[in-house]
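Chemist: Quick one: this structure, given as structure tokens, is what I'll be asking you about.
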Amino acid sequence: MPRAYTLRIAGQTSELARVRQHVKTWAEEAGLSARAARQIQTAVDEAVANAIEHGIRDRPAETVVIQARAGRNGLSVTVRHRGDRFDPTEPPVPLAEVRRQRAVHGYGLHLLRALVDEMGYTHSSGTNEVRLVKRKA
Amino acid sequence: MASFSVSFRDLPPPDDGPAVHVLDLHGELDAHTAPEFENALQACVDQGKTRLVVAGEALRYVSSAGLGVFMAFLEPVRQGGGDLKVAALTEEVHEVFDLLGFPLLFDLAPTAEAAAARFTEADAPEADTPEPAPPTA
């Protein structure tokens, strides 16, 4: 029987630790390995941080909603917010180029891509939704 | 809220040069706590300390925001004649470093003491040795 979870947080980075804690629990309940659980935890952290820093920006009263579904195949997580449009599925600057420039930013999107099995993005009626899937090995 | 702190200690230099300063990181380094790490490194640079080792034995988590701080100080420290070495990373944190290719840029050591022993005037890394640009198709 799939299990569903919902967490609503304030649009502030101080909430990120709480998000990670919840994702860890959900991943364990989905039966993911410790490594896969860490990976989806980091991926969701990156997606929520993007939502806060690039979507919500300086409107901390806005919220981010994280929903998850733990099923037989693994864990799927959606991150929704009504801030500025930010599509993490767009091709990022190549990693080697980011490193070569000694850039301070630009690593999060590469992490997201490397850590999940599927990633999707939709923007509808002002709502951004990022969907991340981590399958059982 | 994520718990994060930095403590400082000195290790004797392996040569006649200045002491090696170790920053021991504790807790979780994410988009919320990264400014604290940035302040700690900036304080070292402001004091002219350029033989730096960041030790991660008690660092349980790092996100791209934390990695960006490492990157922000790499070149300034090398241009000052020193280096920013990284030591004693946990498996979880090393995994993230590895995914982004940071071992290509940073001198990683198993312990802070081993990292400190690599500071010798003869072995000081070049101030600006960026990765070669990827070949164009």
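We did not get these values from a lab; they are worked out from the coordinates using the rules stated. None of these values were measured; they are calculated from a predicted model. Heads up, the Cβs are rebuilt from the backbone with ideal geometry, glycines too, and the neighbour counts pull from every protein chain shown.
Chemist: What Rg and what Dmax come out for chain A when only alpha-carbon atoms are used, in angstroms?
Modeler: Values for chain A (Cα only, Rg and Dmax): 14.5, 48 Å.
Chemist: For the range B:67-83, in order, what is each residue's ³J(HN,Hα) by Karplus, 6.51 cos²θ - 1.76 cosθ + 1.60 with θ = phi - 60°, in whole Hz (x at glycine and Pro)?
Modeler: Ordered by residue, 3J(HN,Hα) equals 5, x, 5, 3, 5, 4, 9, 4, 5, x, 5, 5, 5, x, x, x, 7 Hz.
Chemist: Here's a follow-up. How big is the range B:44-99 in terms of Cα radius of gyration and Dmax, in angstroms?
Modeler: Cα only, the range B:44-99: 11.8, 33 Å (Rg, Dmax).
Chemist: Let me ask something additional. Given a Förster distance of 45 Å, report the FRET efficiency between residue A:6 and residue A:101 from their Cβ-Cβ distance, rounded to the nearest 0.05.
Modeler: The value I calculate is 0.70.
Chemist: Can you work out ³J(HN,Hα) from phi for every residue in the range A:67-83, in order, using Karplus 6.51 cos²θ - 1.76 cosθ + 1.60 and θ = phi - 60°, giving whole Hz and x for Gly and Pro?
Modeler: 10, 9, 9, 9, x, 4, 8, x, 10, 10, 10, 10, 10, 10, 7, 10, x
Chemist: Using only atoms on other chains, find how many Cβ atoms lie within 10 Å of each Cβ of peptide A:101-110 and report the average.
Modeler: 6
Chemist: Further question on the same structure: Mean projection of the alpha-carbon convex hull of the protein assembly as shown over all orientations, in nm²?
Modeler: 15.6 nm²
Chemist: With an 8 Å cut-off on Cα pairs and a minimum separation of 6 or more residues, tell me the relative contact order of chain B in percent.
Modeler: After rounding, I find 25 percent.
Chemist: Name the most mobile residue of B:69, B:54, B:22, meaning the one with the largest mean-square fluctuation, in a Gaussian network model of chain B with Cα contacts below 10 Å.
Modeler: Checking each option, the largest mean-square fluctuation is seen for B:69.
Chemist: Let me ask something additional. When ranked by the protection proxy of mean other Cβ atoms within 10 Å per residue, highest first, what sequence do the peptides A:81-87, A:70-76 form?
Modeler: The densest-packed peptide leads the list: A:70-76, A:81-87.
Chemist: Per residue of A:126-136, count partner chain C-beta atoms within 10 Å of its C-beta, then hand back the mean as an integer.
Modeler: What the average comes to for A:126-136 is 0.
Chemist: Go ahead and set up a Gaussian network model of chain B, Cα springs under 10 Å, then flag whichever of B:112, B:19, B:55 fluctuates most.
Modeler: Taking springs between Cα atoms under 10 Å, the residue moving most is B:19.
Chemist: With contacts defined as alpha carbon pairs under 8 Å and 6 or more residues apart, what's the relative contact order of the range A:1-126 in percent?
Modeler: 29 percent
Chemist: Additional query: Rounded to whole Å and sorted largest first, what semi-axes of the equivalent ellipsoid does the C-alpha gyration tensor of the range B:1-53 yield via the square root of 5 times each eigenvalue?
Modeler: 25, 12, 6
Chemist: So, one more: Tell me the volume per residue, in Å³, of the convex hull enclosing the alpha carbons of the range A:87-132. Kindly include the intermediate steps, with their values, before the conclusion.
Modeler: Values: hull volume 3.4 nm³, N = 46.
Considering the Cα atoms of the range A:87-132, their hull volume per residue is 74 Å³.
Chemist: Then there is this: Need one number: the % of Cα-Cα pairs in chain B sitting beyond the 23 Å mark.
Modeler: 29 percent
Chemist: Would you pull out the residues with amide H under 5 Å of residue B:4's amide H, same chain only if 5 or more places away, H placed 1.01 Å from N?
Modeler: Close amide H contacts, sequence-distant or interchain: B:28.
Chemist: Ordered by residue, what ³J(HN,Hα) values in Hz, to whole numbers, does the range B:5-20 give under the Karplus form 6.51 cos²θ - 1.76 cosθ + 1.60, where θ = phi - 60° and Gly and Pro are x?
Modeler: Running phi through 6.51 cos²θ - 1.76 cosθ + 1.60 with θ = phi - 60° gives 8, 10, 10, 10, 8, 10, 10, x, x, x, 9, 8, x, x, 5, 9 Hz.
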